[in-house]
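The values are calculated or read from the model by the stated rules, or taken from the named source; none is laboratory data. Not measured: the values here are computed from a predicted model. Using ideal geometry, Cβ is built from the backbone for each residue, glycine included, and neighbour counts are taken over all protein chains shown.
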Amino acid sequence: MISNNAIAKHGVLTCFFILLFVDMATAQMAMISAAERKVTSLNGYWDVIIDPTGIGDWRQVWLEHKPEKKSDFFEYSFQGGPQLKVPGDFNSQKPELTYFEGTVWYKKQFNYEPKKGKRLFIYFGAVNYRTDVFLNGKKIGSHEGGFTPFQFEISAPVKAGLNTIIVKVNNTRYQNGIPGKGYDWLNYGGITRDVNLIETNNTYIDDYSIQLKKGSLNTVLGWVQLNGERPRQNISINIPELNLSYHAKTNDEGIAKVEFSSAFKLWSPSSPKLYRLIIESETDTVADDIGFRSIEVKGSKIMLNGKPVFLKAVNIHEENPYKAARARNKEDALLLLNAAKKLGCNMVRLAHYPHNENMVKEAEKMGLMVWSEIPVYQHIEFADTVVTQKMERMMEEMIKRDKNRCGVIIWSLSNETYPSAPNRNNALIALTKKCRNVDSTRLITHVINSQQYENNTFDVWDTLGRYADIVSINEYVGWYTPWQGLPANTKWKLICPEKPVFISEFGGEALYGSNNGPTDEAAYWTEAYQAKIYTSQVAMFGTVPNLCGVCPWLLFDYRSLGRMHPVYQKGYNRKGLLSEKGEKKKAWYMMKEYYSKK
Ligand code: GCB
């Protein structure tokens, strides 16, 4: 049984997924709103085997061999070994794993009593990067991709009593991975998000799409998708606060179209209104908090609920700076998002991969618009069809999880890819079309950094812009590139002069408190040098045609292996407006002032 909304809606994609992923005993796309269900959490300490050479495959770790004869011994065992906390990256939990990129085997046991008419799923919020899952010594499937949820149905193999789950996690970088081999953040590996057992009735609500119809401020257009033996059912959607009850019937594929209108109080940054919504079928019930807003581009402007909006954004990595660990829970999300709010932001760019669900949900509750992206980052092997398949799968998984989050206004499908990379344009154009097919309600962008900057003129020529709703540009003038004239006199040549332009990254590095040494030389990482970049950038923003928003790189200093200056960086990319301890650099105040005037 395939359970993807796109599959439900688009026959073409149905075939696509069945053909491509059948041989991998691939994980299913995770059911929607899993966190809203009654689940049995498998979070907590798991036994682990650290396997730097990957020899555990040959040793068949999942069989948990035990000595039978006096002459037997087995070198790989969970018994008496270390433990790691789930959810959590492994790098921050043991000093010997700080920079580890390889295999860790995880083991957890649980008791279960199979019940007639019930189905059981094991759900992973995310595991970075490759996952193989074994239940009671048998492989049940695999997943690739570090930042999206997936599940396996284990109704058949689960047994009465004690069951053992063994998960092989591998965060090695691959040439044909997404991201590929090179990226500027710490490669946190492990079971980084929640693991849950989810019991459902035989037929359950696998997915639903409940958002305003494109261009409308009062009509919802969507669908509900059931999964199971009884696809034809009566369903209802209830919003008690509005006294609204909508009824429909699902068809032979378990799908019901949804269309209803109401005088919704619209969601916006100043009034982030959400409604409790309950979806009921004859065999299942799920609830969600859903907001309603419209987002579109009209001419050169971005319109939220029909009114122009300027995107006051900031880039954020999924890292808790205080813990130097992968952010994973609500507290981590609040720490990051409150810091964005304090800066005066109305949007967060969740770079460079889908962040955990807490980030998206809490941002929405706080009135922060969200830009969500897949890790199609710089060096991607677009000519390899396996890579393009993975890219599409990751996009589908991202959209499946978050398509009902009105806070999410932008899907970003690539960051700084190289126009000369073989098949890059074809692959990204095809991906854009698929994205629009799956979700026509949000804006789509690709982040470009191939522009030329000469004679104080930006020439934004990358044709990828033609396929995006917003032209997003990363530029580091003042840091990686020197200014070529007065910032306030910058000229622009744009391949799509009619579209909104978003400066998706700019900035430079400074170590908080670095005020010694020449303030006009980059090599001293001074706050003054960084602040000067910001002054010039702000002057330059005034010259950008159709500027619809800006997004400094980035909120907090963050860990990255390529940033090893022994005095100023020490393993941190120092482009934060805040240090990893939350100290405000001079540039923070400048950005704050810019946003307060916008
Ligand atoms: C970029 C990348 C971002 C890097 C940043 C930098 O253009 O998109 O991931 O971390 O530059 O600091 O160089």
Failed criterion for residue 44 (all others in (1) surrounded by fewer than 16 Cβ atoms within 10 Å (Cβ to Cβ); (2) within 15 Å of residue 188 (Cβ to Cβ) hold): (2)
Qualifying position, being without any contact (Cβ under 8 Å) to a residue 40 or more places away in the chain and closer than 25 Å to residue 401 by Cβ, among 120, 135: 135
Residues of segment 260-288 that turn out to be within 25 Å of the chain's Cα centre (by Cα) and in contact (Cβ under 8 Å) with a residue 60 or more places away in the chain, as a count: 11
Residue 513 vs. criteria among the small types (Gly, Ala, Ser), without any contact (Cβ under 8 Å) to a residue 12 or more places away in the chain and more than 16 Å from the ligand (Cβ to nearest atom): no
Top-ranked residue in segment 472-510 [being within 16 Å of the ligand (Cβ to nearest atom) and of a type in the set (A, V, I, L, M); ranked as surrounded by the most Cβ atoms within 10 Å (Cβ to Cβ)]: 510
Residue check for residue 512: hydroxyl-bearing (Ser, Thr, Tyr) and either touching a Lys or Arg at 6+ places or on another chain (Cβ under 6 Å) or not assigned by TED's automatic domain parsing to the domain that holds residue 351 (or both): yes
Filter result (assigned to a strand (DSSP E or B), more than 24 Å from residue 593 (Cβ to Cβ) and more than 16 Å from the ligand (Cβ to nearest atom)) within segment 327-370: 370
Selection count, segment 196-225, where residues are over 30 Å from residue 108 (Cβ atoms) and either in contact with a Pro (Cβ under 6 Å, 6 or more places away or on another chain) or aliphatic (A, V, I, L, M) (or both): 6
Residue match in segment 428-435 (condition: in contact with a Ser or Thr (Cβ under 7 Å, 6 or more places away or on another chain) and of a type outside the set (Ser, Thr, Tyr)): yes
Meets criteria (buried (at least 18 other Cβ atoms within 10 Å of the Cβ) and either at positive phi or in contact with a helix residue (DSSP H, G or I) (Cβ under 7 Å, 6 or more places away or on another chain) (or both)) for residue 306: no
Residue within segment 316-324 that is buried (at least 24 other Cβ atoms within 10 Å of the Cβ), part of a strand (DSSP E or B) and within 16 Å of the ligand (Cβ to nearest atom) present: yes
Number of the condition not met by residue 375 [criteria: (1) more than 22 Å from residue 332 (Cβ to Cβ); (2) of a type outside the set (A, V, I, L, M, F, W, C); (3) within 16 Å of the ligand (Cβ to nearest atom)]: (1)
